[in-house]
Amino acid sequence: MIGKCENILALSFILAGEATGLALIFAAKSIVRKEEIQKNPSYYLGGTLVNLVWSVLMGFAIRLAIGLDDAPPGTP
């Protein structure tokens, strides 16, 4: 459940052009899962990395597909 919410948030941040908001996801997840991270840090890091990479790739692909990354008219 947390992973799906993480994906939705990350995708939303990317689509809104606020990639720096991804740090919020790391911070919140680290606070919520502090005890679990101490038990198995590689599981946490691997899962977070997979979720964020997927969301970032999908977000940029969607932005490109709908033309959000086009330069404004009149710019070189």
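Some observations on this one:
- 0 to 90° range, to nearest 10: angle between helix 22-32 axis and the chain longest Cα axis: 20 degrees
- Fully extending the segment from S42 to F60, taken as 0.36 nm per residue of separation minus the present Cα-Cα distance, adds 3.8 nm.
- For the chain, fraction of C-alpha pairs farther apart than 20 Å, in %: 38 percent
- Carbon + sulfur, % of accessible area of the chain - ligands and nucleic acids excluded, 1.4 Å: 71 percent
- Helix 41-66 axis, angle to the chain major axis (alpha carbon atoms, nearest 10°): 10 degrees
- Probe 1.4 Å, protein heavy atoms only - accessible area per residue of the chain in square angstrom: 73 Å²
The values are calculated or read from the model by the stated rules, or taken from the named source; none is laboratory data. Owing to the predicted nature of the structure, the values given are computational and were not obtained by experimental measurement. All accessible areas refer to the heavy atoms of the entire protein, side chains included, with ligands and DNA or RNA removed. Shrake-Rupley method; radii C 1.70, N 1.55, O 1.52, S 1.80 Å.
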